[in-house]
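Where a number appears in this text, it was derived from the coordinates with a stated rule and is not lab data. Remember, predicted model here, so these are calculated numbers, not experimental data. When we count neighbours, we look across all protein chains shown, and the Cβ atoms used for this are built from the backbone with ideal geometry, even at glycine.
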Amino acid sequence: MLKTVESVTEGHPDKVCDQVSDAILDEFLRRDQQSRVAVEAFGCHGVLIIGGEVTSTAEVDVERVARNLYAQVGYSDEIDVLVHLEKQSPDIAQGVNPGGAGDQGIMYGYASAETPEMMPKAVVLAHALTRRLADLRRHDPLFAWLRPDGKAQVTMDGGRVKTVLVSAQHDSEISQEEIRALLTESVIAPLLGETDNLEVLVNPTGRFVLGGFAADTGLTGRKIMVDTYGGLLPHGGGAFSGKDPTKVDRSASYMARFAAKNLVAGGYAKNVLVSVAYAIGRAEPLMLAAKSGEGKDLSAELRRHFDFRPQAIIERLNLRKPIYRQTASYGHFGRDGFPWEEIVRL
């Protein structure tokens with residue numbers, strides 16, 4: 001069965017917006033851990049618009065944070081930044097303040113013994129390709145021609161990689177032949193091994209000079225499959241970036257991953273899908289279930305070991321720290337250093 005997964009670099013316009021939103025969230029949490037933040041960004045052709053709701057005692061220069069992030073990603077062009085933030089609606093706050101969910105919705109978490117990261121192999125490979133592009137751009141003078149925008153895609157047939165696609169923004173002086181040779185040798189082959197039996201596609205249009213906001217729009221929350229399980233598993237539709245942990249779109253998805261990973265690590269199954277649903281303002285989930293890939297119901301074990309009330313999630317995973325900007329590219333799951341990736345004794 002064919003499965004295809006994509007990843008994008010931190011210079012992709014959607015990912016720039018995700019990182020802007022999470023960098024702003026981090027700055028508010030750094031100064032006030034109780035900050036309520038729901039910030040989104042939209043960028044295109046020299047303009048970056050930041051809007052949303054913030055309730056906090058902190059004072060943050062949002063425009064400065066956005067400009068710094070844009071430069072750190074690797075862009076040097078001039079950009080106009082427009083900021084319009086208001087306080088959280090009191091109608092929402094009255095349900096969240098007692099510990100209820102910040103919104104209704106459905107969230108999923110997954111883990112598999114397929115890889116050391118406990119993620120689907122195609123997801124791991126796709127992110128590894130885009131991270132490799134970024135690392136070479138930043139650290140290897142031989143790849144000074146690379147620019148921040150880029151994508152990768154991996155198609156697998158069963159357990160074998162069938163097709164790999166890499167699209168990398170580049171300066172105008174390098175030829176497509178050089179790009180293909182260099183990326184095949186230094187990006188694709190080190191991660192996938194022998195390429196003779198693979199279909200390798202590099203910059204299929206033949207040119208990728210214009211990138212980022214100069215070529216396309218970007219929007220927070222438009223890469224939710226890249227952020228999670230590559231479209232191989234269900235997704236409730238809620239994005240993560242720019243949202244503080246009272247928003248269960250984010251925190252409950254992290255808890256679902258934490259629970260699934262630890263059920264697999266605990267030997268309950270080789271792969272586990274956790275599902276949870278909430279009503280706005282209500283702490284107890286409306287639905288909480290876990291199933292193995294073989295159809296075994298693990299819901300009782302899930303409820304025994306994991307508390308999915310929003311405040312309990314925040315406390316168990318210590319989610320009021322400014323850790324979110326680093327989540328906003330190369331996937332939120334399967335990476336060391338995040339509390340929802342820890343393995344605990346059940």
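Data for the structure
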read-out	value
Listed peptides 59-68, 329-338 by packing density, highest first (mean Cβ within 10 Å)	329-338, 59-68
GNM flexibility winner over the chain from ARG147, ARG303, ARG257 (Cα, springs under 10 Å)	ARG303
Directionally averaged projected area (convex hull, Cα atoms, segment 269-346), nm²	6.4 nm²
Cβ crowding within 10 Å averaged over residues, with 108-118, 245-255 ranked highest first	245-255, 108-118
Choice from GLY230, GLY238, GLY295 with maximal GNM fluctuation in the chain (Cα, 10 Å cutoff)	GLY295
Whether segment 201-342 is rounded, prolate or oblate, judged on the alpha carbon gyration tensor where a/c under 1.5 counts as rounded	prolate
Pairs from LYS15/LYS223; LYS121/LYS162; LYS270/LYS291; LYS87/LYS243; LYS3/LYS291 whose Cα-Cα separation, in the structure shown, is over 18 Å	LYS3/LYS291
Candidate aspartates and glutamates for bridging to LYS321, where Cα separation is under 15 Å - those fewer than 8 sequence places away on the same chain excluded	ASP22, ASP26, GLU27, ASP32, ASP244
3J(HN,Hα) from dihedral phi, segment 261-276, Karplus parametrisation 6.51/-1.76/1.60, rounded to Hz, x for glycine, proline	4, 6, 5, 5, 4, x, x, 6, 6, 7, 8, 9, 10, 9, 10, 8
Linear extension gain, MET287 paired with ALA181, 0.36 nm per residue minus alpha-carbon span	33.1 nm
Listed residues MET107, MET119, MET287, most fluctuating in the chain (Gaussian network, C-alpha, under 10 Å)	MET287
Cβ-placed point charges (K, R +1; D, E -1), dipole of segment 1-153 about Cα centre in debye, nearest 20	580 debye
Relative contact order, percent, the chain [alpha-carbon distance under 8 Å, six or more residues apart]	28 percent
Using alpha carbons only: equivalent-ellipsoid semi-axes of the chain, gyration tensor based, whole Å	34, 28, 14
